[in-house]
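In what follows, a single structure is set out as structure tokens and then discussed.
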Amino acid sequence: MTLFSRIASLVLVAVVGPAFAQPTEKPTISHAEIRDNVHLIQGDGGNIVVVEGDRSLLVIDNGYPEQAADLFNTIMEVGNKPLRFMVNTHWHFDHAGGNDYLGPRTNLVAHDNVRKRLQEGMNFEAFKRVVPPAAPHALPVVTYEDSTTLYEGKQVIRLRHFANGHTDGDSIAFIEPSKIVHMGDHLFANWFPFVDLQSGGSVQGMARNVAAVLAMIDEDWVVVPGHGPLSKKADLARTHEMLTRSISWMEERLSEGLSLEQISEQGLPEQLQSWGAGFIKEANWIATLYASLSNAD
Ligand SMILES: [Zn+2]
């Protein structure tokens, strides 16, 4: 077992919770308008945004494979129109899990690395789950490198790649002129985030990317997290502060030459502890920080 896998396993043990839990048998799906015919759908997976134009729909993310049919029905309730574009903010199966079902019904759009990772599949150590290579119809048919722009009705949807944050293929979607940003998993409202180190993510990259988004939006923007309730710029700023505090805290421990075990025994400072109420608990977060900030691989 490599050092990375050892640390990865430590990160992953006990990673259980709503975001990556097995979907419940009875689908729990709700939808509500955010503003200007842009809607939020919440199921068991990541948050889904539907941009409704006059003749068609653009959808960002599509949840778990098990919920794909129900989510499709909900999307049709929101607006019974053709699905012109379906964006994957990243490859994870709670965000792009509906690709297999929805791929033949739409045009899948994502960053280059999303197509690559879906095409290759992987042994996802964090969840002890083998992700098989996706079927050709479940792969994005439009990919981009740095940024691209889509149009739906009155909305202009700018997709920008933010490198090596949650994964190495994250898109953040800026929906203008309605001032709505879908952060993908660069934001877990009020929780420590899951950072997928195995897929090229890093905590430092996430902090850098969140800072970049903060510089691009003002207080009027609605911030859609990957998981959790609709948020504001101030909430994103709080998350940024948590990330930078966590990083400097871990850097100090590492400079003292402490081991992961010793750091875990010390525990997080009090001001960071409330963030551990989600599915990434304190121990997972410490192990993620340790792996991300030490030259562990
Ligand atoms: Zn994710």
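Scan the stretch 48-75 for residues that are in a helix (DSSP H, G or I) and among the polar types (S, T, N, Q) and the total you get is 3. Within the stretch 43-54, residues that are more than 16 Å from A69 (Cβ to Cβ) reach partners that are of a type in the set (S, T, N, Q) and in a strand (DSSP E or B) with beta carbons closer than 6 Å, at six or more positions or on different chains, in the pairs V51/Q155. When the stretch 159-198 is filtered for residues that are near the ligand (Cβ under 10 Å from one of its atoms) and either over 15 Å from H227 (Cα atoms) or not small (G, A, S) (or both), the ones remaining, listed by number, are H166, T167, D170, D185, H186, F188, P193, F194, V195, D196.
Annotation: G228 fulfils all but one of (1) within 14 Å of the ligand (Cβ to nearest atom); (2) surrounded by 20 or more Cβ atoms within 10 Å (Cβ to Cβ); the unmet one is (2). Remark: G184 falls outside the filter, which requires a residue to be without any contact (Cβ under 8 Å) to a residue 60 or more places away in the chain, among the small types (G, A, S) and crowded, with 24+ Cβ neighbours inside 10 Å.
Considering every residue within the stretch 199-222, establish whether at least one is surrounded by fewer than 20 Cβ atoms within 10 Å (Cβ to Cβ), within 13 Å of the ligand (Cβ to nearest atom) and in contact (Cβ under 8 Å) with a residue 40 or more places away in the chain. Yes, the conditions are met somewhere in the stretch 199-222.
Screening F279 on (1) out of contact with any strand residue (DSSP E or B) (no Cβ under 7 Å at 6 or more places or on another chain); (2) modelled with pLDDT of 95 or more shows it passes everything except condition (2). Any residue at all in the stretch 82-102 that is surrounded by fewer than 21 Cβ atoms within 10 Å (Cβ to Cβ), more than 16 Å from the ligand (Cβ to nearest atom) and assigned to a helix (DSSP H, G or I)? Among the residues of the stretch 82-102, at least one is surrounded by fewer than 21 Cβ atoms within 10 Å (Cβ to Cβ), more than 16 Å from the ligand (Cβ to nearest atom) and assigned to a helix (DSSP H, G or I), which makes the answer yes.
All conditions in (1) farther than 24 Å from S178 by Cα; (2) among the charged types (D, E, K, R); (3) touching a His at 6+ places or on another chain (Cβ under 8 Å); (4) within 16 Å of the ligand (Cβ to nearest atom) hold for R117, with the sole exception of (3).
Going residue by residue through the stretch 208-221, is there one that turns out to be among the small types (G, A, S), within 17 Å of A291 (Cβ to Cβ) and more than 17 Å from the chain's Cα centre (by Cα)? So far as the stretch 208-221 goes, no, none of its residues is among the small types (G, A, S), within 17 Å of A291 (Cβ to Cβ) and more than 17 Å from the chain's Cα centre (by Cα).
When the strands (runs of 3 or more DSSP E) confined to the stretch 150-197 are screened for residues that are more than 10 Å from the chain's Cα centre (by Cα), those reaching at least 3 such residues are found at 155-162, 170-176.
Of all the criteria given as (1) within 28 Å of T239 (Cβ to Cβ); (2) of a type outside the set (V, I, T); (3) without any contact (Cβ under 8 Å) to a residue 60 or more places away in the chain; (4) in contact with a helix residue (DSSP H, G or I) (Cβ under 8 Å, 6 or more places away or on another chain), the one not satisfied by K128 is (3). If I ask for residues that are more than 18 Å from I60 (Cα to Cα), in a helix (DSSP H, G or I) and modelled with pLDDT of 95 or more, which ones from the stretch 111-149 would you list? The answer is K116, R117, Q119, E120, P136. Within the stretch 242-288, restricting attention to residues that are assigned to a helix (DSSP H, G or I) and of a type in the set (V, I, T), the residue that is nearest to D196 (Cα to Cα) is T288.
Of the residues screened, V11 is one that is crowded, with 23+ Cβ neighbours inside 10 Å, within 25 Å of H166 (Cβ to Cβ) and modelled with pLDDT under 95. Flag not set for L260, criterion: without any contact (Cβ under 8 Å) to a residue 40 or more places away in the chain, crowded, with 17+ Cβ neighbours inside 10 Å and either closer than 28 Å to A173 by Cα or out of contact with any His (no Cβ under 9 Å at 6 or more places or on another chain) (or both).
The values are calculated or read from the model by the stated rules, or taken from the named source; none is laboratory data. Since this is a predicted model, take the numbers as computed values, not measurements. Counting neighbours? That spans all protein chains shown, and the Cβs are built from the backbone with ideal geometry, glycine included.
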